[in-house]
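The values are calculated or read from the model by the stated rules, or taken from the named source; none is laboratory data. As the structure is a prediction and not an experimental result, all values here were calculated from the model. Heads up, the Cβs are rebuilt from the backbone with ideal geometry, glycines too, and the neighbour counts pull from every protein chain shown. Quick note on the areas: whole protein, heavy atoms, side chains included, nothing else; ligands and nucleic acids left out. Shrake-Rupley method; radii C 1.70, N 1.55, O 1.52, S 1.80 Å.
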Amino acid sequence: MITDRDLVLASAATYGSTAPSFVGLNNTARVFRTVVNGVAIYAIEGTANPEGWLLDFMALPVEFHATVDHPDIGMVHGGIFAVLLSVWPQMLAAIKADVAAGLQIAITGHSLGAGCAVLAVGLLVALGIMPAHAAFFAPPRVGFKMLHQL
């Protein structure tokens, strides 16, 4: 079993010097995977560069974010969703492998990473994968009713 402290430490560690497990969108998406007591923790780093700050402010649907109205989780923050999507295929494959190996899943993050974590949990639940733990530290508002209901 993991504790809230484990999730806090995993989120805090994303700002350290360890290499991320997955990187996307001009280094604005950085996901760190670690295993603690049989739980694979996916910690998503918050905004850490200028490109990330620009994406943080892309709250309205824009032309190149065609998936802002997602069929499974509804209307979502276009910039933050773009950040998550840049690592989602690799992250989802790793999560599925962890579940198949009998590990529980935890998703966490801070700031931009927390927004991505909220979206990731919504996508996982829509796929029928229930994370055992989720912790969001200072998350922005990234979705609406459909995501909230998930």
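Taking the stretch 82-121 as the range and being open to solvent by less than 10 Å² (accessible area, probe 1.4 Å), part of a strand (DSSP E or B) and farther than 23 Å from Glu51 by Cβ as the test, the residues that pass are Ile105, Ala106. State all residues of the stretch 29-52 that are within 12 Å of Leu9 (Cα to Cα) and surrounded by fewer than 20 Cβ atoms within 10 Å (Cβ to Cβ); if no residue qualifies, say none. Listed by number, the residues that qualify are Thr34, Val36.
Could you list all residues from the stretch 1-33 that are among the hydrophobic types (A, V, I, L, M, F, W, C) and under 22 Å from Trp88 (Cβ atoms)? Reasoning before the result, please.
Filtering the stretch 1-33 for residues among the hydrophobic types (A, V, I, L, M, F, W, C) gives 1-2, 7-10, 12-13, 19, 22-23, 25, 29, 31-32.
Scanning the stretch 1-33 gives Leu7, Ala10, Ala13, Ala19, Phe22, Val23, Leu25, Ala29, Val31, Phe32.
Restricting to the stretch 128-146, what's the tally of residues that are part of a loop (DSSP other than H, G, I, E, B) and more than 22 Å from Gly38 (Cα to Cα)?
Of the stretch 128-146, the ones part of a loop (DSSP other than H, G, I, E, B) are 128-132, 138-142, 144.
Of the ones still in play, those that are also more than 22 Å from Gly38 (Cα to Cα) are 138-142, 144.
Matching residues across the stretch 128-146 total 6.
Note on the stretch 1-28: among residues that are over 23 Å from Met130 (Cβ atoms) and assigned to a strand (DSSP E or B), the one that is most open to solvent (accessible area, probe 1.4 Å) is Val23. The set of residues in the stretch 122-141 being in contact with a Leu (Cβ under 7 Å, 6 or more places away or on another chain) and open to solvent by 10 Å² or more (accessible area, probe 1.4 Å) consists of Val125, Ala126, Pro131, His133, Ala135.
Taking first residues from the stretch 95-111 that are more than 15 Å from Ser21 (Cβ to Cβ) and partners that are surrounded by 23 or more Cβ atoms within 10 Å (Cβ to Cβ), the Cβ contacts under 7 Å between residues at least 6 apart in sequence or on separate chains come to His110/Ser11.
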